[in-house]
Amino acid sequence: METDKMENEGSAENRILEILDSFKIYDGVYKKKQVQAAIELKDEITPHLIKILQGLFNNPDQYIENTTLYDHIYATMLLGHFKETGAHQLLVDIFSLPGEMPHEIYGEICTSDLPTLLLNTCGGSTDRIKSLVLNKNADDYIRVSACHALAYAVVQDYIPRKEVVEFFGTLFTGNEAKENSDFWGLLACVIWDLYPEENLEIIKKAYEDGLIDPAIIGYDDFEKALSIRRENPLEALKDDLLRNSLDDLHKSMSWWSCFNKQKKDHYDSSFLGSEYKKSQKEKMKTKKSKRKQAKASRKKNRR
């Protein structure tokens, strides 16, 4: 019996090593079988996935300089799917890396899946998410994703809506970000999702002070929200969270364009970052490009 147990443990460990090896290098193919195997070996593989993220945090340059590395993407998404609280602080630390580093490492995950990742791993405690929102050294788009995670936390009953709305209301002094930042406009979109009644005067003043870019969201959107969403103010936000759930990880990942490029006989690294992994060309994209993506995302969610 003891021998059988040791053989089973050895077999599982070998399988985990095979799974992790398949995740290591991007080749344009979504590793569905390996992802499913990782899900089935959740308890055994979780420490290995956390170790990958720890390695990333200790040496982020390796993932920036070598654009073929991809195991951190699978590790991050799997830990989010697992709702692994042991990864929460590490994710906050990684996405708090300065400047463009998180975008260079994770691409569009920073503005698409990050809110759900933070929510799923927080274990009901939002303190570290708030700290990321308040971190002026973090990228503004990352901070807005953290704001969105707080809005999701309201839907999940992790935190009262009133507390989050009051917290957001303190973030329009003009000192939270650099001049002309989209931080305030995108934060206003999150407040719109939460129903803006309590913060309407603050929002109005933010427009007057030039903090909120009307191209992101107009003041009339807030007036309309007050007139049509009083009875079910969080309905749209609940739908948004449902759409962005990581409960079906295959559904969440397999559609990414980086996994759906036309197959090529010759490996071409130029398309590595087309959706979730930035290539060297994408690293040079301007803030204007990311701002446009963020605006489109928020406008889509307001439909």
Q) Picking from Ser125, Gly174, Ala149, whose Cα lies most toward the positive end of the charge dipole for segment 95-183 (charges on Cβ: Lys, Arg +1; Asp, Glu -1)? A) Ser125
Q. If amide H atoms are built 1.01 Å from N in the plane of the peptide, which residues on other chains or at least 5 residues away come under 5 Å of the amide H of Ile217?
A. none
(Q) Of Pro98, His88, Ile73, which is farthest towards the positive pole of segment 37-128's charge dipole, taken about the Cα centre with +1 and -1 on the beta-carbons of Lys, Arg and Asp, Glu respectively? (A) His88
Q. So what does log10 I(q)/I(0) come out to for segment 14-172 at q = 0.12, 0.17, 0.18 Å⁻¹, using the Debye formula with one equal point on every Cα and no solvent?
A. -0.52, -0.98, -1.08
Q. Summing Lys, Arg as +1 and Asp, Glu as -1, what charge do residues with Cβ under 11 Å from the Cβ of Asp71 carry, Asp71 excluded?
A. +2
Q.
Is there a quick way to get the dipole size of segment 1-120? I mean about its Cα centre, with the Cβ of Lys and Arg at +1 and of Asp and Glu at -1; what is the value in debye to the nearest 20?
A. 280
Q: For segment 119-135, just list the computed ³J(HN,Hα) in residue order, Karplus coefficients 6.51, -1.76 and 1.60, θ = phi - 60°, integers in Hz, with x standing in for Gly and Pro.
A: 4, 5, 9, 7, x, x, 9, 9, 4, 6, 5, 4, 4, 5, 4, 7, 7
Q: Determine the shape class of segment 37-129: with a ≥ b ≥ c the square roots of the Cα gyration tensor eigenvalues, call it rounded for a/c under 1.5, and otherwise prolate if a/b is greater than b/c, oblate otherwise.
A: oblate
Q: Step through the residues of segment 85-100 one at a time and calculate ³J(HN,Hα) from phi using the Karplus curve (6.51 cos²θ - 1.76 cosθ + 1.60, θ = phi - 60°), rounding each to whole Hz and writing x for Gly and Pro.
A: 5, x, 9, 4, 4, 5, 5, 4, 5, 5, 7, 8, 4, x, x, 7
Q. Under the Karplus relation 6.51 cos²θ - 1.76 cosθ + 1.60, θ = phi - 60°, what is the ordered set of whole-Hz ³J(HN,Hα) values for segment 56-62, x standing for Gly and Pro?
A. 4, 5, 5, 9, x, 4, 4
(Q) From the P(r) of segment 75-158, could you give the percentage of C-alpha pairs in the tail past 22 Å? (A) 12
Q. Using the eigenvalues of the Cα gyration tensor, what equivalent ellipsoid semi-axes result for segment 175-257 when each is taken as the square root of five times the eigenvalue, whole Å, largest first?
A. 28, 19, 9
(Q) Amide H of Tyr70 versus every other amide H placed in the peptide plane: which residues, excluding those fewer than 5 positions away on the same chain, fall under 5 Å? (A) Ile25, Tyr26
Q: At a Cα cut-off below 14 Å, give the aspartates and glutamates reachable from Lys251, other chains included and same-chain residues fewer than 8 away excluded.
A: Asp113
**Q.** Sites matching GluC sites (Glu not before Pro) across segment 207-237 that sit in DSSP coil, with at most 12 neighbouring C-beta atoms within 10 Å
**A.** Glu231
Q: May I ask for the net charge around Ala146, where only other residues with Cβ less than 10 Å from the Cβ of Ala146 are counted and Lys, Arg are +1 while Asp, Glu are -1?
A: +3
Q) So which trypsin sites (Lys or Arg not before Pro) in segment 159-197 pass both tests, a DSSP loop state and at most 15 other Cβ atoms within 10 Å of the Cβ? A) Lys178
Q.
Only counting other Cβ atoms within 10 Å, I'd like Arg15, Arg143 sorted with the fewest neighbours first.
A. Arg15, Arg143
Q. About the Cα centre of segment 191-237, what is the dipole size in debye to 20, counting +1 per Lys and Arg Cβ and -1 per Asp and Glu Cβ, all else neutral?
A. 60
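Every number in this text was worked out from the coordinates using simple rules, so none of it is lab data. Quantities reported herein were computed from a predicted structural model and do not represent experimental measurements. In this analysis, Cβ positions are derived from the backbone assuming ideal geometry, glycine residues included, and neighbour counts consider all displayed protein chains.
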